[in-house]
1. List every residue pair whose Cβ atoms sit under 6 Å apart, with the two residues 6 or more apart in sequence or on different chains, where the first one lies in region 258-270 and is closer than 14 Å to Cys424 by Cβ and the second, anywhere, is outside any helix (DSSP H, G or I).
2. Residue under question is Leu167, and the condition is that it be among the aliphatic types (A, V, I, L, M), within 28 Å of Ile25 (Cβ to Cβ) and within 16 Å of the ligand (Cβ to nearest atom); does it hold?
3. Return the residue satisfying two criteria in turn: it lies in region 305-332 and is of a type in the set (Lys, Arg) and open to solvent by 60 Å² or more (accessible area, probe 1.4 Å), and of such residues it is farthest from Ile148 (Cα to Cα).
4. Take the residues in region 197-229 that are under 21 Å from Asp270 (Cα atoms) and of a type in the set (Val, Ile, Thr), then tell me which one is nearest to the ligand (Cβ to nearest atom).
5. Which pairs have Cβ atoms under 9 Å, sit 6 or more apart or on different chains, and link a residue in region 378-396 that is at positive phi and in the same structural domain as Ser340 (by TED's automatic domain parsing) to one that is open to solvent by 50 Å² or more (accessible area, probe 1.4 Å) and part of a loop (DSSP other than H, G, I, E, B)?
6. All but one of (1) part of a helix (DSSP H, G or I); (2) away from the ligand (no atom under 16 Å from the Cβ); (3) under 19 Å from Thr299 (Cβ atoms) hold for Ser92, so report the exception by its number.
7. Part of a strand (DSSP E or B), at pLDDT 95 or above and more than 16 Å from the ligand (Cβ to nearest atom): is that true of Val233 in this structure?
Amino acid sequence: MNIIDIITKKKNKYVLLEEEIKYFIDEYVENNITDYQASALLMAICINGMNEEEEYYLTKAMVESGDMVDLSSIKGICVDKHSTGGIGDKTSLVVGPILAACGLKIAKMSGRGLGFTGGTIDKLESIPNFKTQLTEGEFITQINDVGISIIGQTGNLVPADKKIYALRDVSGTIDSISLISASIMSKKIASGAPYILLDIKVGSGAFMKSEQEAEKLAKSMIQIGKKYNRKVVCVLTDMNVPLGNCVGNSIEVVEAIETLKGEGNPRFMDLCETLCSQILIMTGVCSDKLSSINMVKDTIKNKTALEKFKKMIEFQKGNQEVINNYKILKKSNYIETIYSDRNAYISNVDALGIGKSSMLLGAGRIKKEDCIDLSVGIELFVEKGDFVKKDQIVAKLYHNNKNLNEAIKIVENSVDYCDEPIKCSNVIIKVIE
Ligand code: URA
């Protein structure tokens, strides 16, 4: 077998065999295939796609490139949750504690975000001393004791994805449904949970720009899950406007805590409730939507979800004072306020623009090795559909003097106004099982 034949076969739209896909993954991880050969094959896959079987074999070869987490010693129902990534997406920080308060066990390994803001791990690291690297033993003990642990991926989990993702990032091959599906599912399968909830973002601020693409991705991931006997449910959610009010790292932690205190943005809370409801039904904890939503609301009202978040911080050595004292989080040196220049309705707040602006301030990273500034970000004071008066605050940019003028301009251009009332679309687009 040789890589040139495999590249040529995919270039000519043929279906690859399991052994050819395995050969590519194994030899690339072993450095026996060069980056330029691997990118040629990835581009051929990007253009010509893969069928269901190929996607499964690709996932399987990637899973087998590293270790699998063994969650069998966890007492209770173990679930994992993943988002394809969006602007202001602090959902895991709210959904995880709520589900733990409902009695489920949340075993979540997260990556660092590439793109407009940090990932869940970066956000958690804005809590002073919070440890995101635990041993597998510590991870399992914490899940058994607290019900939730969110950590960075352990060293040898799907090494093939680490290598391939880095290459895709610089070779224009990120936006392939087959490659995204195998990348996400290989990590979810290797992480071990039998129940997996996937939040697939759709819209300007997401990988998937259309509902059709998102639906294809959902079906691909559900099929892979079935082959591994994992129950997967996908929720397609709107990412045309930012999620909640805050986009950044520290400020998203504050928003997550406020949400756990019952003071969250209603649209964001709606998303968290629906995601939790889906998991509670999927795992058989609740039999219907109404009882699951009531269970979720109770964990907010009686503060048990907030307590779980606090306990998770304690077990991961972070400073729990953050729950009541946001001042211990890193603060930006400066704040720039943007005001409305008219009386009008807000007809759009473009997620992509707000994401780009927060990235310019330093909240995100383009390359894995880039440093991010946890203190910067954008707080929005208006949402699509709101009526604003002239001189009302539209947004605050928390910054350290990096790219400020450009960031301001992008935020101003991301907020559109109109004279007629307008409704914001539902955050939930569709559930696919
Ligand atoms: N997230 C992943 O983990 N992989 C992709 O390919 C895209 C998003």
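The values are calculated or read from the model by the stated rules, or taken from the named source; none is laboratory data. Please read all numbers here as calculations on a predicted model, not as lab measurements. As a convention, Cβ positions derive from the backbone with ideal geometry for all residues, glycine included, and neighbour counts pool all protein chains shown. Surface areas here come from the heavy atoms of the whole protein model, side chains and all, with no ligands, DNA or RNA. Shrake-Rupley method; radii C 1.70, N 1.55, O 1.52, S 1.80 Å.
1. Listed by first residue and then by second, the contacts come to Asn265/Gly244; Asn265/Asn245; Arg267/Val427; Phe268/Leu243; Phe268/Gly244; Asp270/Val427.
2. On the way: among the aliphatic types (A, V, I, L, M): yes; within 28 Å of Ile25 (Cβ to Cβ): yes; within 16 Å of the ligand (Cβ to nearest atom): yes.
So Leu167 passes the test.
3. Looking at residues that are of a type in the set (Lys, Arg) and open to solvent by 60 Å² or more (accessible area, probe 1.4 Å), I get Lys331.
4. Only one residue fits best here, namely Ile200.
5. Gly385/Pro421; Gly385/Ile422; Gly385/Lys423; Asp391/Asp341
6. Going through the list (1) part of a helix (DSSP H, G or I); (2) away from the ligand (no atom under 16 Å from the Cβ); (3) under 19 Å from Thr299 (Cβ atoms), Ser92 breaks only (2).
7. yes
Condition check ((1) open to solvent by less than 10 Å² (accessible area, probe 1.4 Å); (2) within 9 Å of the ligand (Cβ to nearest atom); (3) closer than 28 Å to Gly318 by Cβ) across all residues:
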site	(1), (2), (3)
Gly152	yes, no, yes
Leu157	yes, no, yes
Lys162	no, no, yes
Thr173	yes, no, no
Ile184	no, yes, yes
Ala190	yes, no, yes
Tyr195	no, no, yes
